[in-house]
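The values are calculated or read from the model by the stated rules, or taken from the named source; none is laboratory data. Please read these numbers as outputs of a predicted model, since none were measured by experiment. All Cβ positions, glycine included, derive from the backbone under ideal geometry; neighbour counts span all protein chains shown.
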Amino acid sequence: MDKSSLRQEYISKRKALEAIDLAQKMAAVSANVRKYLKDKEFNILHTFLPQRNSKEVDTWPIIDMVRREYPSVSIASPYIIPGTREMEHYLISAETSLIENQWKIPEPDPLTSQKVDPEQIDAIFVPLLAFDLKGYRVGYGGGYYDRFLKKCRPDAIKIGLSFFDPVEKIEDKDQYDVPLDICIAPTKIHLF
């Protein structure tokens, strides 16, 4: 399937999730994230913050778990530069002031937060709607993460978080698409 068809299908699949299914899938993804992180060493872990009312993977329980179990790991989050398709990245803590952008996504306030260079980031939780067996993903269509991931170190680990298993193949991937290294789903941790 092509990206546009997959985008529509997986937005519909998410919307159809009942609260109990959503909670079970979230718990399973969180458990697999915990399993994956247990023997890893990162200094800075980057994560998206969940869009309000989108039934996206909720990264807040994961952030809380990292803060509790890996207190030496710093967490960063993106801020979309208004009027562009570019992001800046800032450290977040329990005290960070967050502002909601036009898409109802919380972002660190760039006026009061500490900026992080993409080269400093060791691992990135990447938002997605669908992914394939080779680690390519379908996002929301803006290209923000593909631009960002190209600025990260080659050894930075790109980790997708998904409520669903992979599709066989995304038909219309192009030279701008950056594949994931791993995708964590409720049923398993997929390595590419």
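What the table shows:
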| quantity | calculated |
| --- | --- |
| Close pairs (6 angstrom Cβ cut-off, 6 or more residues apart or separate chains): more than 21 Å from residue 40 (Cα to Cα) in the range 115-127, aromatic (Phe, Trp, Tyr) and surrounded by 23 or more Cβ atoms within 10 Å (Cβ to Cβ) anywhere | none |
| Subset of the range 8-25 that is touching a residue at least 12 places away in the same chain (Cβ under 8 Å) and closer than 13 Å to residue 54 by Cβ - its residue that is surrounded by the fewest Cβ atoms within 10 Å (Cβ to Cβ) | 15 |
| Selection from the range 78-97 of residues that are touching a helix residue (DSSP H, G or I) at 6+ places or on another chain (Cβ under 9 Å) and either of a type in the set (S, T, N, Q) or without any contact (Cβ under 8 Å) to a residue 12 or more places away in the chain (or both) | 93 |
| Residues of the range 143-168 that turn out to be without any contact (Cβ under 8 Å) to a residue 40 or more places away in the chain, assigned to a loop (DSSP other than H, G, I, E, B) and either under 21 Å from residue 8 (Cα atoms) or in contact with a Ser or Thr (Cβ under 7 Å, 6 or more places away or on another chain) (or both), as a count | 3 |
| Unique match (being on the phi < 0 side of the Ramachandran plot, surrounded by fewer than 18 Cβ atoms within 10 Å (Cβ to Cβ) and out of contact with any Lys or Arg (no Cβ under 8 Å at 6 or more places or on another chain)) among 4, 30 | 4 |
| Matching residues in the range 57-100 - criterion: being closer than 20 Å to residue 36 by Cα and of a type in the set (D, E, K, R) | 58, 64, 67, 68, 69 |
| Which listed residue, of 158, 188, 173, is basic (Lys, Arg), closer than 21 Å to residue 31 by Cβ and either surrounded by 16 or more Cβ atoms within 10 Å (Cβ to Cβ) or at pLDDT below 95 (or both) | 158 |
| Residue list for the range 6-25, restricted to those being charged (D, E, K, R) and either part of a helix (DSSP H, G or I) or in contact with a Leu (Cβ under 7 Å, 6 or more places away or on another chain) (or both) | 7, 9, 13, 14, 15, 21, 25 |
| Residues satisfying the stated conditions in the range 103-115, i.e. over 17 Å from the mean Cα position of the chain (by Cα), surrounded by 12 or more Cβ atoms within 10 Å (Cβ to Cβ) and of a type outside the set (Asp, Glu) | 110, 113, 114, 115 |
| Matching residues, the range 98-114, being acidic (Asp, Glu) and without any contact (Cβ under 8 Å) to a residue 40 or more places away in the chain | 109 |
| Residue count for the range 33-55, restricted to those that are out of contact with any Leu (no Cβ under 9 Å at 6 or more places or on another chain), crowded, with 18+ Cβ neighbours inside 10 Å and not in a loop (DSSP other than H, G, I, E, B) | 1 |
| Filter result (over 30 Å from residue 1 (Cβ atoms) and not small (Gly, Ala, Ser)) within the range 111-153 | 111, 112, 114, 115, 116, 117, 118, 119, 120, 121, 122, 153 |
| Near pairs, Cβ below 9 angstrom, 6+ apart or cross-chain, from the range 47-62 (free of Cβ contacts under 8 Å to residues at least 24 places away in the same chain) to any residue that is part of a loop (DSSP other than H, G, I, E, B) | 60/49; 60/50 |
